[in-house]
Amino acid sequence: MPDRRSRGSTSGGAARTRRSKTPPPAELPDLSQYGRLAEYNRKRHFGVTPEPAAKIRTREAGHPLQFVIQKHRAGHLHYDFRLEHRGVMLSWAIPKGPSPDPAVKRLAMETEPHPLDYNQFEGVIPEGEYGGGTVMIWDKGVWAPATQHGLGDEDETERQYRKGDLKFVLLGEKVAGSWVLVRTGRERQWLLIKHRDEYTSNDDLTVTRPLSAVSGRTMAEIARAAGATPRQLQQAAATDPAMPAAPVEPPRKTSARGRPSHRPSRPA
Ligand code: MN
């Protein structure tokens, strides 16, 4: 193996001054209290971005675990898939979104764990900030790790996650049933795959179910309401699938009355 240091020392060490981009240690905030959320905090300026600051929540054991999928038009469109585990949301960025077709494996890049409060975030991250762009809560619900004998607990999640073979069930409004995340040999790279069950389909849910699970809005509507820049608004709108022609103010649907609905009706 070549010794890199010898190259530097023989080619005139005086010209090669040590560069220090980082501020003195005294000015760095102590992030150790945030544990698994330190990376999340380090990447964000909470005076600028509307995203929530990190807080590890302790919830009593036995409560249903939350999952959320956030459609995010940052540098590139992707779907952030998050599973609650021990006070944080384990996170993966899925460029094409989840597929309910067992024959389709979707690339899922593991990203830094997010705070539970992030599950409620729908809006716009300012330009120039980490992940700048529009965020939609595309789906949400509850999840549990799965074993051969039924549902598992947090220890089971920990075991399967470390093994790189995390089996689970989802109960969301768009995605449901049995799934698996499998770690590939590459750094932070996983695959999300649907298991065969009654929730299997060939639908492209990103096209057939494009609206926010909490507000019923399009990406363009979210961007506009949150004061996106013209560029961000255009990028957000480009990710909305073409809608069938409809009047600007759609009439109230009377056929949906009496049906249970998880999402609030659109303001008139
Ligand atoms: Mn993202």
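For D197, state whether it is of a type outside the set (K, R), surrounded by fewer than 16 Cβ atoms within 10 Å (Cβ to Cβ), touching a residue at least 40 places away in the same chain (Cβ under 8 Å) and more than 30 Å from K43 (Cα to Cα).
So D197 does not fit the description; no.
Give me the pairs: first residue in region 123-146 and modelled with pLDDT of 95 or more and more than 13 Å from the ligand (Cβ to nearest atom), second residue part of a loop (DSSP other than H, G, I, E, B) and among the charged types (D, E, K, R), beta-carbon distance under 6 Å, and six or more apart or on different chains, which are they?
That search, which allows pairs on different chains as well, returns D139/E173; D139/K174.
Name the single residue that is farthest from the ligand (Cβ to nearest atom) among those in region 75-110 being buried (at least 18 other Cβ atoms within 10 Å of the Cβ) and free of Cβ contacts under 8 Å to residues at least 60 places away in the same chain.
E84
Does L170 satisfy the condition of being of a type in the set (A, V, I, L, M), buried (at least 22 other Cβ atoms within 10 Å of the Cβ) and not in a loop (DSSP other than H, G, I, E, B)?
yes
Residue check: is A242 within 24 Å of H72 (Cβ to Cβ), surrounded by fewer than 13 Cβ atoms within 10 Å (Cβ to Cβ) and small (G, A, S)?
Yes: the conditions hold for A242.
Looking at region 55-68, can you tell me whether even one residue there is within 14 Å of the ligand (Cβ to nearest atom) and either surrounded by fewer than 21 Cβ atoms within 10 Å (Cβ to Cβ) or free of Cβ contacts under 8 Å to residues at least 24 places away in the same chain (or both)?
no
The values are calculated or read from the model by the stated rules, or taken from the named source; none is laboratory data. Values in this document were obtained by computation on a predicted structure and should not be read as measured data. Here Cβ is always computed from backbone atoms with ideal geometry, including for glycine, and neighbour counts include all displayed protein chains.
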